[in-house]
Amino acid sequence: KTPSLRNLGFSAPYMHDGRFADLGQVIDHYSHGIKDNPNLSSKFTNFDGTPKKLNIQPNEKKALIAFLNSLKDEDFLTSPMYSDPFQK
């Protein structure tokens, strides 16, 4: 199942190992930071096998971050029903 993008702006750090502190760093990674790896998905490689560079422009990055931050659910964020049961 694909994870939801809802409240993505509130779920830092990002990536499987938490290496990115904000969405801008994630976008920069996909824009020009993908490294070659034997396990790299073909979706992120060119025909010659080199990693793709998406070359996301600054205005596109800003718009993408704004869009991702708009996918928020205020009720989910503020409802006691969804709060941390271990929080003191």
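The values are calculated or read from the model by the stated rules, or taken from the named source; none is laboratory data. Note that this is a predicted model, so its numbers are computed, not measured. Neighbour counts run over all protein chains shown; Cβ positions are idealised from the backbone, glycine included. Surface accessibility is based on the protein's heavy atoms, side chains included, excluding ligands, DNA and RNA. Shrake-Rupley method; radii C 1.70, N 1.55, O 1.52, S 1.80 Å.
Here is how the numbers come out for the structure above:
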read-out: Subset tally (residues that are of a type in the set (Phe, Trp, Tyr) and within 22 Å of residue 15 (Cβ to Cβ)) for the stretch 27-83; value: 3
read-out: Test: residue in the stretch 60-73 that is acidic (Asp, Glu) and open to solvent by 90 Å² or more (accessible area, probe 1.4 Å); value: yes
read-out: Qualifying residue in the stretch 2-12 (condition: within 10 Å of the chain's Cα centre (by Cα) and open to solvent by 80 Å² or more (accessible area, probe 1.4 Å)); value: yes
read-out: Filtered residue count, the stretch 30-43, keeping only those that are open to solvent by 30 Å² or more (accessible area, probe 1.4 Å) and either within 9 Å of the chain's Cα centre (by Cα) or in contact (Cβ under 8 Å) with a residue 12 or more places away in the chain (or both); value: 4
read-out: Tabulated pairs, the stretch 66-77, first within 22 Å of residue 27 (Cβ to Cβ), second modelled with pLDDT of 90 or more and in a helix (DSSP H, G or I), C-beta under 7 angstrom, 6+ apart or interchain; value: 68/8; 68/9; 68/23; 69/9; 71/8; 72/9
